[in-house]
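Report on one structure; see the data block that follows.
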Amino acid sequence: MPKANVSEAAGRRAERRLQKQDVARAQLLDAAEEVFSRKGFHEATLKEVTELAEFSIGSMYAFFPNKNDLLRQVFLRRGEQFIPPFRAIVAETEIGKPGVPVYSCVTAEPFDDIPTRLVEAITSPVRWLDVMNSLERAGARRFVETGPGRVLTNLVRKSLDGVDAEAPLSESTEAAHA
């Protein structure tokens, strides 16, 4: 067989192998999405995901190192679908300059390009601790949780030393139910 034909055949084999890997990865993501939506992330098991996709657990690990990464990849795949329409909405929206620094969960710095950072936030990990550290370096010493609950307040208390953290809405709700 001439050298050109051998390398063409090898290239086609490699392309077919990559296509099969893409199909297998998509099947695992589809199964994970179905199982996670039906049972919730914490109740779902990798065994259930791989059984639905008709794969062994070992073969799943060739694509995803763990359950958290599998969920992340499901989210990224779906999140990508929302970027074009969200970008259009952001482009149509008048966004004024904030009166105080507003920190991006993408860069952990004050927003430099608000529309771009809002769109990036759809598929970027939230850098919450980095944002809190940046705020502290910028001089923030008091953190007030404005929504219901105390989850973020407790995270601030565990993450930053020497700062005040409070959740007044939670405290007033608790007092009203007492």
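For the reader, a short list of remarks on this structure follows.
- In summary, helices (runs of 4 or more DSSP H) completely within the range 69-178 and bearing 1 or more residues that are under 19 Å from the mean Cα position of the chain (by Cα) occur at 114-120, 128-137, 151-159.
- Restricting attention to the range 14-27, the residues that are more than 22 Å from PRO125 (Cα to Cα) and in contact with a helix residue (DSSP H, G or I) (Cβ under 9 Å, 6 or more places away or on another chain) total 2.
- From the list THR153, THR116, the one residue that fits, being free of Cβ contacts under 8 Å to residues at least 24 places away in the same chain, among the hydroxyl-bearing types (Ser, Thr, Tyr), farther than 24 Å from GLN73 by Cα and surrounded by 11 or more Cβ atoms within 10 Å (Cβ to Cβ), is THR153.
- A count restricted to the range 14-68 and to residues that are in a helix (DSSP H, G or I), surrounded by 15 or more Cβ atoms within 10 Å (Cβ to Cβ) and in contact with a Lys or Arg (Cβ under 9 Å, 6 or more places away or on another chain) stands at 6.
- Residue match in the range 76-98 (condition: of a type in the set (Gly, Ala, Ser) and closer than 30 Å to PRO168 by Cα): yes
- Sub-6 Å Cβ pairs linking a first residue in the range 36-51 that is at positive phi and of a type in the set (D, E, K, R) to a second residue that is modelled with pLDDT of 95 or more and part of a loop (DSSP other than H, G, I, E, B), at least 6 apart or interchain, number zero.
The values are calculated or read from the model by the stated rules, or taken from the named source; none is laboratory data. Worth saying up front: this structure is predicted, and the values here are computed from it rather than measured. We place every Cβ from the backbone using ideal geometry, glycine too, and count neighbours over all the protein chains shown.
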